[in-house]
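Right, one structure below, let's go through it.
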Amino acid sequence: MYELSIETSFDSAHNLRGYQGSCESLHGHTYRVQVFVTGTELNKLGILVDFRELKSRLNEVISDLDHCYLNEVDAFKEINPTAENIAAYIFRCMRTSVGSVVSKVTVWETATSAASYWE
């Protein structure tokens, strides 16, 4: 089994509706995103997934989240833009774009706090 990962970051603001505490107020993060892909078969060049293609697809997904108010993004109008929900959103977008080789997405909200999503 092979596992690859790529990483990027984006900046956004959000607030957690219904949260009892400071996170209910508008605030921002520099989110760090890791995308993992796994598989057993390499192509004839010995590549599972081209890093350049994977990064390009992730940048497309992130472009809808970068430097915005997440609560106004369609995906988060009904659910809170928590690290957990952001990870699930990115995972599903990447699965649609890249395919089932996408195995997990981890979103770091701070240097010490992260949420992962996989199916």
Scope the range 62-81; condition under 11 Å from R17 (Cβ atoms) and not in a helix (DSSP H, G or I); matching residues: K77, E78, I79, N80, P81
The range 85-119: number of residues that are under 17 Å from K55 (Cβ atoms), assigned to a helix (DSSP H, G or I) and polar (S, T, N, Q): 2
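Check whether at least one residue in the range 41-50 is without any contact (Cβ under 8 Å) to a residue 40 or more places away in the chain and over 27 Å from E3 (Cα atoms), and report yes or no.
no
Could you tell me which of the residues E24, E109, E78, E84 is of a type in the set (D, E) and modelled with pLDDT under 95?
Exactly one of E24, E109, E78, E84 is of a type in the set (D, E) and modelled with pLDDT under 95, namely E24.
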Filter result (within 11 Å of the chain's Cα centre (by Cα) and touching a residue at least 60 places away in the same chain (Cβ under 8 Å)) within the range 87-108: K104, V105, T106, V107, W108
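Just give me the residues in the range 1-54 being β-branched (V, I, T) and either in a strand (DSSP E or B) or loosely packed, with under 12 Cβ neighbours inside 10 Å (or both), in sequence order.
Residues of the range 1-54 β-branched (V, I, T): 6, 8, 30, 33, 35, 37-38, 40, 47, 49.
Hits for the range 1-54 are I6, T8, T30, V33, V35, V37, T38, T40.
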Candidates E84, E72, E60, filtered to the one that is over 16 Å from the mean Cα position of the chain (by Cα), of a type in the set (D, E) and surrounded by fewer than 19 Cβ atoms within 10 Å (Cβ to Cβ): E72
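The values are calculated or read from the model by the stated rules, or taken from the named source; none is laboratory data. The shown structure was predicted, so the numbers you read here are calculated from the model rather than taken from an experiment. Cβ: placed from backbone, ideal geometry, glycine included. Neighbour counts: every protein chain shown.
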